[in-house]
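The values are calculated or read from the model by the stated rules, or taken from the named source; none is laboratory data. What you see is a predicted model, and the numbers here were worked out from it, not measured in a lab. A quick note on method: Cβ atoms are made from the backbone with ideal geometry, for glycine too, and the neighbour counts reach across all protein chains shown. Please note that ligands, DNA and RNA were not included when accessible areas were found on the heavy atoms of the full protein model with its side chains. Shrake-Rupley method; radii C 1.70, N 1.55, O 1.52, S 1.80 Å.
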Amino acid sequence: MALVNENFLELPQENVFASIRGEVEKFKVIRPSNNLIDLSVNDVIHSLGTHVAESMRLAVDEMAHTETFHGYGPEQGYVFLREAIIKNDFNSRGIHLTPEEIFVNDGIKSEIGNIGEILGTDNAVGVADPIYPIYVESNVVSGRAGVFRGGHWSNVNYLECVESNGFVPQPPNRPVDVVYLCSPNNPTGMVFSKSSLKKWVDYALKNNTLILFDATYEAYIQSPGIPHSIYEIRGAKKVAIELRSFSRTAGFTGLRCGYTVIPNELQVQTLDGRSISMNSLWNYRQRIRFNGVSYVTQCAAAAIYTSEGKMEVRKAIDYYMKNVMMMRRELSNTGIRLFGGEHVPYLWLRIPHQHSAWEYFRMMLYGAHVVCTPGIAFGPNGEGYVRLSAFAGRADCEEAVARLKEWF
Ligand code: PLP
């Protein structure tokens, strides 16, 4: 008899994003003629840049000829891409890494769960809350989260990100083994300053904590002085893995490519106290589990780092940031408390009058015909908030803002 991994059965049957789709479908049946604007969308809307697409096309041509064909590539990624990553994303910020410390992946969503595979099930886990939900869910299925009671997983340490602490998670006063942080944060828009991030690195050095730092939105940072990488903090290479994705920077949501940084200095422990190199362990895991990202995709990713590619990336990011800044400006005098929208293309809205996030979602849907994401999708501290995404066309953002202003 085949037995299942019962941890999967622990997850709530219907996830929030599926419920949103269900509510929207219901709305369309009840009000067929109403023109909905969907700002719950978590996907980019712009195509790949022309230069990136052209590089990909050239790579496809190479694949079509025996002399230039590429079969299995290195599991860790082609050196041309890893070197471009180091030069542009790290050396430019005074961070030195070697290609052996970069692992090209097929996006962060899968990578988050994959990394969990080489971590013991007994680790105490901490997550900034609210945060991208996959961090908690990947720990649920690997048996680290405990049981779901009263909206919380019993073994997860929720690191409260609330208005009173500026949505900045604070190190707890007890040791936690693995901590997930994200800056700029989806959904709140919080960014770590160097000093608030240093507190985490110091905490991790003191407690032998492993930090998984999600920098998916780093290219959206608008002000100087805000760390783009955790390795801008001294000592971080000893305690942190950094995850980066090309999804939000270059529209790779459908193409699938990102990378993971695992510094050589990072050590993890065995139960009997031996130190193991995380980089070697991950390398080993990749060798037996992964055959690399396609050559064509990696050529497209490398094209992002050319001067034309950089201009295309900047143009797309500016577009989404202009959307969100306009939304923030227009909604700021409506009496609704607004957060985010400075370094991420999301607005985080405080719900007035004690409505739950789901109630408010439905009120907005039926009242303004605008779809938002209930904050509870991102963790218990998301209750009382909704998120509006600016990954949409300018005209839709303008129309949504006009409707919301009237509706508020
Ligand atoms: N990390 C954060 C914070 C995200 O918001 C998302 C997507 O919404 C991801 C990771 C997923 O990235 P990828 O497309 O590389 O899987």
Relative contact order (percent) for the chain, with alpha-carbon contacts under 8 angstrom and 6 or more residues of separation? 22
Measuring with a 1.4 Å probe in the full set of protein chains, what accessible area per residue, in whole Å², belongs to the chain? 45
Cα-based Rg of the stretch 94-210 normalised by 2.2 N^0.38 Å, two decimals: 1.09
Does the stretch 120-276 come out rounded, prolate or oblate, given a ≥ b ≥ c as the square roots of the eigenvalues of its C-alpha gyration tensor, rounded meaning a/c under 1.5 and, failing that, prolate meaning a/b above b/c? rounded
In the chain, whole DSSP H helices that both stretch 27 Å or further along their axis by alpha carbon positions and average at least -1.0 on the Kyte-Doolittle scale are 307-331
Over 13 Å apart: what share of the alpha carbon pairs of the stretch 105-168 falls there, rounded to a whole percent? 64
Return an integer: the convex hull volume of the alpha-carbon atoms of the stretch 219-290, in Å³ per residue. 111
Which entries in the list Lys87/Lys310; Lys199/Lys310; Lys199/Lys238; Lys199/Lys322; Lys198/Lys315 go over 23 Å, if you measure between the two C-alpha atoms of each? Lys199/Lys310; Lys199/Lys322; Lys198/Lys315
Counting pairwise Cα distances across the stretch 29-72, what percent come out greater than 11 angstrom? 77
I'd like the distance between the alpha-carbon centres of the stretch 54-132 and the stretch 336-401, rounded to an integer number of Å. 32
Hey, any idea what % of the chain's accessible area is carbon plus sulfur with a 1.4 Å probe? 52
In deg cm²/dmol, rounded to the nearest 500, the helical mean residue ellipticity at 222 nm of the chain, built from -39500 (n - 2.57) for every DSSP H run of length 4 or more, is -11000 deg cm²/dmol
If a/c stays under 1.5 just call it rounded; otherwise compare a/b with b/c (prolate if a/b is bigger, oblate if not). Do that for the stretch 163-236, with a ≥ b ≥ c from the square roots of the Cα gyration tensor eigenvalues. prolate
Classified through the alpha carbon gyration tensor (a ≥ b ≥ c as square roots of its eigenvalues; rounded if a/c is under 1.5, else prolate when a/b is larger than b/c, else oblate), the chain comes out oblate
Would you mind putting 350-363, 302-315, 371-384 in packing order, based on average other-beta-carbon counts within 10 Å, highest first? 371-384, 302-315, 350-363
Quick one: what Rg and Dmax do you get for the stretch 298-395 from the alpha carbons, in Å? 16.3, 51
Counting every C-alpha pair in the stretch 1-140, the percent lying more than 18 Å apart is 77
When you count, for each residue, the other Cβ atoms within 10 Å and take the mean per peptide, how do 279-292, 6-19, 94-107, 394-407 rank with the highest first? 94-107, 394-407, 279-292, 6-19
